[in-house]
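Heads up: the structure comes next, in structure tokens.
What follows is calculated from the coordinates using simple rules that are stated; it is not laboratory data. Model, not experiment: these values are computed from the prediction. Reconstructed Cβ throughout: ideal geometry from the backbone, glycine too, with neighbour counts over all protein chains shown.
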Amino acid sequence: MVAFATFAFYGAHAQEQHLLDGAQIHGNFDLYAQTYQEDSIIGAKDIPEKSGVNAFTNLIVTKGPFTAGIRVESYLPPVQGFDVRFGNQSVGVPYRFAQFSKDGLDITAGNFYEQFGSGMILRAYEERSLGIDNAFDGLRVKYSPYQGIYLKGLIGKQRYYWTKGDGTVRGIDGEVSFNELISKFEASKFRLTAGGSFVSKFQDAGVSSLDIPENVASFAGRMQMGYGGLSFTGEYVRKFNDPNGDNGFIYRDGQGLFLSATYSQKGFGINVSAKTIDNLGYRSDRNALLNDLFINYLPALTRQHTYTLASTLYPYATQPNGEIGIQTDIIYKIKKGSAIGGKYGTTIQINAALINGHDTNQISSATDLAQQVYLPNDPEREGYTTSLLSIGDKKYYQDFNIEIDRKFLKKYKMKFTYIYQEYNIDLIQGTATGHNVYAHIGVIEGLVKFTKKQSLRYELQHMFTEQDQGDWAFASLEYGYSPHWIVTVLNQYNYGNPVKKLQVHYPTVQVAYVHNANRIALSYGRQRAGIFCVGGVCRNVPAANGFTLAITSSF
Amino acid sequence: MNINITNMYMKLKIAFVAILCSLSLANFAQEDGRKIPAVEIQNLDRSKFNTSDITNDGNPIIISFWATWCSPCKRELNAIAEDFEDWVDETGVKLVAVSIDDERNVQKVRPYVDGQAWEYDVYLDPNADFKRAMNVNNVPHTFLVDGEGNIVWQHNSYSPGDEIELYEMVEKLANGESIH
């Protein structure tokens with residue numbers, strides 16, 4: 001390989017036109033590091049290395065229709081809270097690809113990310129802040145044979161830390177955009193798109209007393225309709241017998257249905273979405289658990305909270321084995337100059353969500369499932385029966401949010417937020433308290449621009465709850481000096497904790513310097529134990545005390 | 001089938017080593033400006049849109065990556081919205097706002113954009129394909145493209161007042177000056 005590389009090196013040099021003439025090379029870099037000192041009061045353990053460093057760099061080369069890319073990642077060792085299996089290798093190249101894209105044909109060899117429809121049947125994606133990366137390693141072909149018709153096919157194994165998952169995934173997806181296909185409809189106010197997918201995963205059954213299906217197939221159908229400001233979306237997914245670690249090795253088919261309706265016009269928007277899933281954990285390794293090797297993506301049908309107390313204490317995480325939920329989101333901008341709106345206008349946002357389990361009837365007993373003693377065609381191996389549309393008694397999560405955003409003076413604006421959360425802590429966090437958590441959160445946020453380039457933003461948050469850790473208070477102050485400096489001080493105080501010893505402060509100071517696409521931020525203080533979620537996928541953030549350094553750069 | 005794929009991977013590995021060796025050459029230069037990569041994303045009605053169709057008749061273009069859950073992103077785009085009409089009148093600038101909201105939040109993008117009455121070209125990038133191709137790590141991340149389609153500036157994060165520096169550069173580009 002070295003000989004060939006040297007040959008290519010001189011060979012390229014010898015030619016009149018350089019291999020990289022007209023090529024573009026760009027990339028990015030990201031580093032996240034923490035230092036750890038023992039802090040027994042908050043539960044921060046003594047870490048032998050006293051630090052964790054996660055870093056990666058991407059490089060992409062493009063020339064005409066060709067693109068190639070590579071990512072180098074390193075974990076020295078992984079930051080606390082990231083899966084320890086990232087530390088199996090300290091530095092490596094887990095991602096590399098070559099792509100050709102021209103005239104409606106797109107071929108990728110190597111690693112790639114992909115989503116079919118809403119992702120309920122297939123989604124390979126990355127979320128580096130969570131340590132999520134289920135990229136495929138294989139081949140993908142995209143082709144548009146005719147205007148408005150889009151076809152995709154892929155085959156590959158998924159990333160599993162520094163190696164690959166056991167199963168091989170094959171998938172095809174087709175989508176028709178009727179407005180592009182039929183020229184009469186091109187400028188029509190009525191928009192229509194329809195699509196379908198078929199995915200199959202193969203994994204050797206190995207040695208098992210069960211009659212394990214080695215090929216697990218699934219299909220999905222979707223439709224998107226729109227007329228002016230109105231739009232409807234729907235997708236249905238069905239997965240065939242998939243005994244796996246999530247469902248206790250039952251043979252029951254899995255299903256999912258997502259429906260959404262939106263209406264919006266200037267100054268007003270409303271969306272209502274409903275989702276129901278049953279036994280829809282679909283992984284390329286039937287024995288995988290946690291967030292490993294998911295083929296599909298099941299997002300939480302709840303609001304993505306941004307305020308610390310609302311997002312890191314009781315965030316909802318999707319239950320792949322079954323849930324049914326509905327969410328509504330409304331935004332209304334009261335006109336500026338009106339009596340209620342005030343001189344600059346007022347924006348109101350309301351959001352509410354409710355998620356319950358299904359009504360299920362167990363067919364097989366818990367002992368049978370544990371012993372896994374079914375014969376083929378034994379109806380008991382279905383595990384349970386339920387209807388996809390049934391609403392069970394068990395509430396998983398409920399929330400109600402209202403947010404009012406108003407500018408009072410040219411240089412001063414405020415935002416008032418009230419959040420109510422009801423959270424099934426036993427189900428979601430695996431505790432055994434016997435009751436749900438009911439929390440009320442109030443937030444006041446203000447932004448003062450005291451000169452053209454200097455600003456001060458404050459946040460005061462308070463959580464009232466009689467369960468779990470009790471009441472919390474949060475305050476933060478952020479000073480911005482455009483364009484380079486941002487300094488933040490914040491504190492969280494669990495003054496309501498039923499255990500007096502745990503009524504603790506979590507202060508932090510952060511200084512960030514930004515120059516164009518480079519940002520470096522250093523913070524020091526106590527990090528509260530919590531949950532950090534993006535899209536309904538969460539990771540635990542352990543308590544920590546020390547420095548945090550975050551560097552990001554794009555070039 | 002297996003052997004062919006292994007061979008292909010071997011060839012890719014060799015190609016990479018070759019490319020990386022070539023990188024060490026001093027006489028390699030990116031003479032052409034950096035163009036927007038051609039990536040398939042979506043319009044607000046979920047129909048397909050290719051980023052190579054982002055043009056503005058020779059006027060400057062701002063490309064801003066944002067998400068409905070990113071408060072600094074919304075602060076930036078709402079702050080620009082206050083003066084955007086004037087910006088367009090004076091320089092003909094176009095602002096392309098690419099939402100990286102995934103399927104959890106993508107249904108909320110259109111109501112939010114219409115609710116805030118933005119005059120921007122808003123697109124959806126639910127699986128982060130364009131974000132990845134532009135080497136964006138986190139949002140907010142804003143790019144400035146000149147009249148010839150070259151990416152001439154980029155910025156990460158947002159602090160109130162950053163839009164002043166952004167507009168100074170947009171004005172320079174509109175007047176045919178270089179921003180460096």
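General remarks:
- Inter-site label distance for B:ASN175 and B:ASP53 at 7 Å from Cα along Cβ, in nm: 3.5
- About the Cα centre, charge dipole magnitude for segment B:30-174 (Lys/Arg +1, Asp/Glu -1 at Cβ), debye: 780
- When B:ASP114, B:ASP102 are arranged by Cβ crowding within 10 Å, least crowded first, meaning fewest neighbours, the order is B:ASP114, B:ASP102.
- Diagonalising the gyration tensor over the Cα atoms of segment A:263-358 and scaling each eigenvalue by 5 before taking the square root yields semi-axes of 37, 15, 11 Å, largest first.
- Hz values of 3J(HN,Hα) by residue in segment A:161-167 - Karplus curve (6.51, -1.76, 1.60), Gly and Pro given as x: 6, 9, 9, 10, x, 5, x
- Shielding of peptide B:94-107 by partners, expressed as the average count of other chain Cβ atoms within 10 Å per residue Cβ, is 5.
- Estimated FRET transfer efficiency (A:VAL499, A:ASN88; beta-carbon r; R0 25 Å; 0.05): 0.10
- Based on alpha-carbon atoms, the Kirkwood radius and the radius of gyration of the protein assembly as shown give Rg/Rh equal to 0.95.
- Theoretical ellipticity at 222 nm over the protein assembly as shown - DSSP helices of four or more residues, -39500 (n - 2.57) apiece, nearest 500: -4000 deg cm²/dmol
- Label zone (A:LEU409, point 7 Å along Cα-to-C-beta; backbone nitrogen cut-off 15 Å) within segment A:316-356: A:343-344.
- Averaged over the residues of peptide B:128-135, the number of Cβ atoms from other protein chains lying within 10 Å of each residue's Cβ is 5.
- Beta bridges per DSSP with both ends in the protein assembly as shown, % antiparallel, nearest 5: 95
- Treating r as the C-beta distance of B:GLU90 and A:ASN540 and R0 as 35 Å, the FRET efficiency rounds to 0.10.
- Residues in segment A:412-424 carry Karplus couplings, in order, of 9, 9, 9, 9, 10, 9, 10, 10, 10, 10, 10, 10, 7 Hz; the curve used is 6.51 cos²θ - 1.76 cosθ + 1.60 with θ = phi - 60°, and Gly or Pro positions show x.
- The length gained by stretching the chain between A:ILE149 and A:ALA217 to full extension, at 0.36 nm per residue less their Cα-Cα distance, is 22.1 nm.
- Working from label points 7 Å from Cα in the Cα-to-Cβ sense, the A:LEU460 to A:HIS515 distance is 3.9 nm.
- Here A:SER208 and A:TYR479 are evaluated by their C-beta separation; at R0 = 51 Å the FRET efficiency comes out at 0.25.
- Centroid-to-centroid separation of segment B:100-123 and segment A:280-347 [C-alpha atoms, Å]: 15
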